[in-house]
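Colleague: Take this structure, written in structure tokens, and hold onto it; I'll ask about it next.
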Amino acid sequence: MTTPTATGSSWAFDAIGTSWAIETASPLPSIARGAVSAVIERFDRDWSRFRDDSVVSALGSGRAASVPVPADADAMLSLYAQLDAATAGAVNPLVGDALARLGYDARLTLTPAGDPEPAPLWRETLTWGDGRLAVSRAATIDVGALGKGRLVDLVLDTLRDHVDGDIVVDASGDLAARGEPVRVALEHPYDATRAIGVMTVTDAALCASGINRRSWGDGLHHVLDARTGAPVRAFAATWARADTAMRADALATALFFDGGPELAASWGAHWVRMSTDGRVQWSPGFDGEIFS
Amino acid sequence: MIGTTAVPRPVRISTALLGVAGMVTLAGCSGGASTDAAAPVESSAAPTSTSAPSSSATAAETGASGTYKDGTYEATGQYATPESVETIDVTLTLSGDTVTDVTVTGDPQAAESRRYQSEFIGGIADEVVGKKLDEISVSKVAGSSLTSGGFNEAVDTIKTEAQA
């Protein structure tokens, strides 16, 4: 049973296409809420491919070949370089057009425009040096592999500037906690009333990814292999815990592919993943529970 | 996705041939139901020999009778499994419209993957059913992100259109 954390205040809202809940030891002053809203708005305006006025839409549509480099570009794209290397190219920040082709486009057509197509080779197309984020040809950045985790980290940092004590930032699947340990159920991807296990998060972040909700047709969902542009089929859900939500989110994505477990080992991170046939794997030395 | 790669013997092969099931289908379709086929290697007298074909045109695509030229057919295919892009080599021998020999040569990438998995995976459990959330004590639940607003409306719209 989900019980409230030992906190005094909960603030729930929708942003970037999902639901958020922020729990703090004391009620959040309005200035803190305003600061959080501003951080989310700025991130969305830089990175959302679902709004015409965003930076990534300008690059994706060809309206601009380069833009002033957004604040989080280096942190995220540098981590993408690690994901790319670990997964042999399966994770790629230029997967936006491949997602749109399957129907997950800015207008949410949700109807495939044709067979899947691979994402462009991003290291040859995208640069972010010299203060400019640039594409050598129009290409749509999609930071879905780790962007929400990055935003959770930014929101947590903002909150810590305003309030003391325990904080839990839960962006529905991506969660960061400071203070008391938080026991988190790992939701069964095929039955949301069940948990396949539990992980405890203490001054860390836990991110989950799954193919069951952001899905719009037979085999059509938002986790693509950039090398083919087709949705993955081997794994149904992943969970990873790391020091930051961005890294946990990145691992949760990498765990859909070969190379994810090795990357997690190199970061000392623990994880769980369930394949589409219902089998569950976990990291060596896993310190949580699996209800097998 | 299946795509043929440039190989020393640039034989075109249909996607249906790049799977055991596809090859079984071919073996059983002497009437020529299959419309694609690989070009034969010009060495039907010696099935294991593999000299390059002079062109990639296929025998079956032009043959009205749907019969296949005897010979040894070879292709290298790449296909994406959900977690990697893997490569197989397929060799099959046709004689009198019957497949007399099939060889599928495995995939070194996958073998490497399995080695990695044994090293970096701590455990595996079959078919985890899990426990009811109300039977365990937790303060949070982590699964795939809830969808809100536009996405849900768009999914509802396409479901409605699909029923119309």
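Every number in this text was worked out from the coordinates using simple rules, so none of it is lab data. A quick note: this is a predicted structure, and the numbers were derived from the prediction, not measured. Backbone-built Cβ (ideal geometry, glycine too); neighbour counts: all protein chains shown.
Colleague: Which length gain, in nm to one decimal place, applies between residue A:132 and residue A:13 when the Cα-Cα distance is subtracted from 0.36 nm times their residue separation?
Modeller: On the way: separation 119, 0.36 × 119 = 42.84 nm, distance 3.31 nm.
Working it through step by step, the gained length comes to 39.5 nm.
Colleague: Also: Would you mind getting the Kirkwood hydrodynamic radius of segment A:137-292 from its Cα pairs, rounded to one decimal in Å?
Modeller: Working: mean 1/r = 0.0627 Å⁻¹.
Final number for the Kirkwood radius of segment A:137-292 is 15.9 Å.
Colleague: Considering only C-alpha atoms, what is the centroid distance from segment A:174-248 to segment A:125-143, in Å?
Modeller: Answer, in whole Å: 28.
Colleague: Taking only complete DSSP H runs, can you tell me which helices of chain A stretch 18 Å or more along their own long axis by Cα positions and average at least 0.0 on the Kyte-Doolittle scale? Show your work: numbers first, answer last.
Modeller: Details: long enough: A:30-47 (25 Å, -0.07); A:73-86 (19 Å, 0.69); A:147-160 (20 Å, 0.16).
Length and hydropathy pass: A:73-86, A:147-160.
Colleague: Using a Förster distance of 35 angstrom, determine the FRET efficiency expected from the C-beta separation of residue B:134 and residue A:52, and round it to 0.05.
Modeller: Working: r = 44 Å, r/R0 = 1.26.
Efficiency computed from Cβ-Cβ geometry: 0.20.
Colleague: Would you mind working out the magnitude of the charge dipole of chain A relative to its Cα centre, with +1 at each Lys and Arg C-beta and -1 at each Asp and Glu C-beta, to the nearest 20 Debye?
Modeller: It comes to approximately 440 debye.
Colleague: How much length is gained on full extension from residue A:21 to residue A:65, taking 0.36 nm per residue of separation minus their Cα-Cα distance? Can you show the working numbers first?
Modeller: Details: separation 44, 0.36 × 44 = 15.84 nm, distance 3.68 nm.
Working it through step by step, the gained length comes to 12.2 nm.
Colleague: Which value in deg cm²/dmol, rounded to the nearest 500, describes the helix-derived mean residue ellipticity at 222 nm for chain A, given -39,500 (n - 2.57) per DSSP H run of n ≥ 4 and division by the residue count? Spell out each step's value before the answer.
Modeller: On the way: 8 runs with 81 residues, N = 292.
The helix contribution divided over chain A gives -8000 deg cm²/dmol.
Colleague: A further question on this structure: To the nearest whole percent, what portion of all C-alpha pairs in chain A is separated by more than 30 angstrom? Walk me through the numbers on the way to the answer.
Modeller: Values: 12433 of 42486 pairs.
When every Cα pair of chain A is considered, 29 percent fall beyond 30 Å.
Colleague: A further question follows. Note down the nm distance, to one decimal, between modelled labels 7 Å out along Cα→Cβ at residue B:99 and at residue B:160.
Modeller: Here the answer is 4.8 nm between the modelled labels.
Colleague: Taking the simple approach of a point 7 Å from Cα along Cα-to-Cβ for both residue B:152 and residue A:107, what is their distance in nm?
Modeller: Spacing of the two 7 Å Cα→Cβ label points: 2.4 nm.
Colleague: Follow-up. Can you give the longest run of chain A that contains no trypsin sites (Lys or Arg not before Pro) sitting in a DSSP loop with at most 16 other Cβ atoms inside 10 Å?
Modeller: Between the exposed loop sites, the longest stretch runs A:138-278.
Colleague: Note down the magnitude of the dipole of segment A:177-259 about its Cα centre, charges +1 on Lys and Arg C-beta and -1 on Asp and Glu C-beta and zero elsewhere, to the nearest 20 debye.
Modeller: Values: 9 positive and 9 negative charges, 13 e Å.
The dipole of segment A:177-259 has a size of about 60 debye.
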